[in-house]
Amino acid sequence: MRKALNAFLLVLFSLFASASYGQMTLDESKWGLEAKKKTGNEYELILHLQLPKQWHIYAFKPGGDGMQIAPTVTFVKNGKVKLNGPVKEKGKLLTETIDGIDGAVNMYKGNVDYVQLATISANTKITCKYSYQICNDQMCLPPTDKTITVEVKDAGGSSEITTSEEVAVVPGADTSASDTASANMGSATDTLPSNVATVTPEVKNEPESPVKTEQQSLILLFLLCFGGGLLAVVTPCVFSMIPITVSFFTKRSKTRKEGIRNAIYYSLSIIIIFTVLGLVISALFGRDALYKISTNWILNIFFFLLFVVFGISFLGAFEITLPSSWTSKTDSKAGLGSFGGIFFMALTLVIVSFSCTGPILTMLFGLLAAGGWAGPIVGMFAFSLALSLPFALCAIFPAVINNLGKSGGWLNQVKVTLGFIELALALKFFSNADLLKHWRILDREIFLALWIVIAVLLGFYLLGKLKLSHDDEPKKNIYGQEYVSIFKLFLAICSFTFALYLLPGMWGAPLNGLGQFVPPMGTQDFVITNADGSESSGVKPKKFVNEMKIYEPNVVRNNGLVTYFDYEEGIAAAAKIKKPIMLDFTGITCVNCRKMETSVWSNPKVLERLKNDFVLISLFDDARHVQLPHEDRYISKVSNKEITTLGDKCLDIQIAKYNSNAQPFYFFIDEKENLLVKEGYGYDPDVDKFIAHLDKVIMNYRKTH
């Protein structure tokens, strides 16, 4: 039972987890812009690219299977610059085959120049917008849009080059190249010209989207969103429309074959509408924006309010509907002939059913980021496919229609049950914001108390002991006695069991099965037992303890482990007690971090090694509420920005020193910051694998010390 409950919650909350699964690789390509005089007012505008070793960029015509992203280079026109012809590539063009790509691809390695011939009549600034993606044999970095400018101060004479600050182009801006041609014009120079101001793409001091990994499975995304679509089918707004709509098709069609065809058209229209919506989401948000939800307190508050509103609506307080004018306009188009009229009928269904599908789509929305750019498209397709299936099946098998229930009754109970779940989910979002801002409003025992109350109320509702104003009269047997169906009885048992499982947590029970979802133990005021092992190592942590102790992993607090929150302090402790260091790059709201701590760290064999053989340094990348002392602030070599908070420092260390920005991610070093194992260790709940990794670290440390 506990595993079933955990799996259920894991599916729900992981939709919005921002925890990364892959290790970030920095973009080390170098770009520079040069205005090279030829004769008179004729210039070559040259965008230079210097690629790091083992990396390549695709040609304007990349070949392959059509999935490769070609670069685009656009020089912005102005009254003083006339562009002559297309932008041309200049470099050593390579044609190679790559595993996983059908057909040969065209690419460049080393240095590449993008040349635009131009006539410059007067002094001016020239702006170049470029979009690119670089790849190696294992991965491709996320596409990047940049802008760079060069100033020509003596048109007709020698050109003096200055470069303005590079600014990221807003996604969707005009970065398309003018008519381009792929030409092999010889080799580029080995190094960038000395008179060219180069710009290394900036790594912002925020977690960036991780490179796509095997764990980010579009198949899993498809299955979860398909399940969400099936759930939407049994909501009153959709379920009650099935017999009405299919009967309409069969009556207006001259033959059964024509009725089936029209119903299939109707189902395809639903799929098209939702898939186009997925395309719009991808175009507006890209692949990076959604995953930042759980580290942005404003977005967490927004989703909290949204889920509360949807939850109250599902409980029957009010009905959320889109403007009636939308329905009227689409309904008026439904009289059109052939596919057009059927499409507008489907659009009417989508709008009318929004009050039921909207909350479910909201729950799935965060998951769409997991599939990268394709996530919203695949997710919406899967959701709409499940939503449309009943219409097609009932048209093919019309006898099924007579057996479908009407709106109300059990359908209304499904909606109310979803309302309770929405309210429980809302608390998780508020908890994220509460932890990030250090408000201490929703501490652990309050969070658990609310979940217990919601679970108990849901159980009573399923048993018919709690009735809402819009509920139908309960079913009665031949003696006039109310009865509960077996299915609802089992659901009620699950709900009450969940509440009882949570209850010991009110007095400090670790609740390892749910540790990744509930607030950390440090936020709880009353705990019966708390084994604080701060003194066990002989070097007591001092820095940031007051601010960060509440976020300390429960497995650390309850098992006599010691954790340091400052990088330098932890290294100094390791040098004193002669132990290897486990760097734990983590986050306050990181669900997968909590999962690793509760399911892997808490294993007795892992605990033994962590306690006896390691110095643990937990670096919270999102602890931006903790200010660094003024004497500890510095300018980041990665972002060129001042590091003023503990979270900024932790993330800067992870990127600059360990070439990673994923959470959770573990690195193992000695007191001189030498890596004891070359590779880091990301999210992987395989206990035996983690133990083997720890043993390898211990062995390597003993060999060198």
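The values are calculated or read from the model by the stated rules, or taken from the named source; none is laboratory data. The shown structure was predicted, so the numbers you read here are calculated from the model rather than taken from an experiment. Don't worry about glycine lacking a Cβ; one is built from the backbone with ideal geometry, like all the others, and counts go over all protein chains shown.
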Taking the stated definitions as given, is GLU597 part of a helix (DSSP H, G or I) and over 30 Å from the mean Cα position of the chain (by Cα)? no
Got a sec? Which of SER247, SER269 is part of a helix (DSSP H, G or I), at pLDDT below 70 and in contact with a helix residue (DSSP H, G or I) (Cβ under 9 Å, 6 or more places away or on another chain)? SER247
Failed criterion for ASN612 (all others in (1) under 21 Å from PHE544 (Cα atoms); (2) surrounded by fewer than 22 Cβ atoms within 10 Å (Cβ to Cβ); (3) out of contact with any helix residue (DSSP H, G or I) (no Cβ under 7 Å at 6 or more places or on another chain) hold): (1)
Looking only at the range 45-56, decide whether some residue is among the charged types (D, E, K, R), surrounded by fewer than 19 Cβ atoms within 10 Å (Cβ to Cβ), more than 29 Å from LEU94 (Cα to Cα) and assigned by TED's automatic domain parsing to the domain that holds THR144. no
List the number of the failed condition for PHE668; all other conditions in (1) at pLDDT 90 or above; (2) closer than 27 Å to VAL539 by Cα; (3) touching an Asp or Glu at 6+ places or on another chain (Cβ under 9 Å) hold. (3)
Test: residue in the range 665-680 that is polar (S, T, N, Q) and in a helix (DSSP H, G or I): no
In the set VAL115, VAL81, VAL76, the lone residue that is in the same structural domain as VAL150 (by TED's automatic domain parsing), modelled with pLDDT of 90 or more and farther than 30 Å from LYS657 by Cβ is VAL115
Residue that is surrounded by the fewest Cβ atoms within 10 Å (Cβ to Cβ) [pool: residues in the range 631-653 that are modelled with pLDDT of 90 or more and β-branched (Val, Ile, Thr)]: ILE635
ASP688 is checked against (1) modelled with pLDDT under 90; (2) surrounded by fewer than 18 Cβ atoms within 10 Å (Cβ to Cβ) and fails just one. What number does that condition carry? (1)
In the set GLN663, GLN654, the lone residue that is over 23 Å from LYS578 (Cβ atoms) and in contact with a Cys (Cβ under 7 Å, 6 or more places away or on another chain) is GLN663
Has the range 623-630 got at least one residue that is surrounded by fewer than 23 Cβ atoms within 10 Å (Cβ to Cβ), basic (Lys, Arg) and within 20 Å of ALA656 (Cα to Cα)? yes
Can you find even one residue in the range 61-73 that is over 21 Å from ILE134 (Cβ atoms) and without any contact (Cβ under 8 Å) to a residue 24 or more places away in the chain? no
Kindly indicate whether any position in the range 73-81 is crowded, with 18+ Cβ neighbours inside 10 Å, in contact with a Pro (Cβ under 9 Å, 6 or more places away or on another chain) and within 23 Å of LYS30 (Cβ to Cβ). no
Pairs, first more than 18 Å from ASN559 (Cβ to Cβ) in the range 533-547, second surrounded by 17 or more Cβ atoms within 10 Å (Cβ to Cβ) and at pLDDT below 50, C-beta under 7 Å, six or more apart: none
Count of residues meeting criterion [assigned to a strand (DSSP E or B) and touching an Asp or Glu at 6+ places or on another chain (Cβ under 7 Å)] in the range 75-94: 2
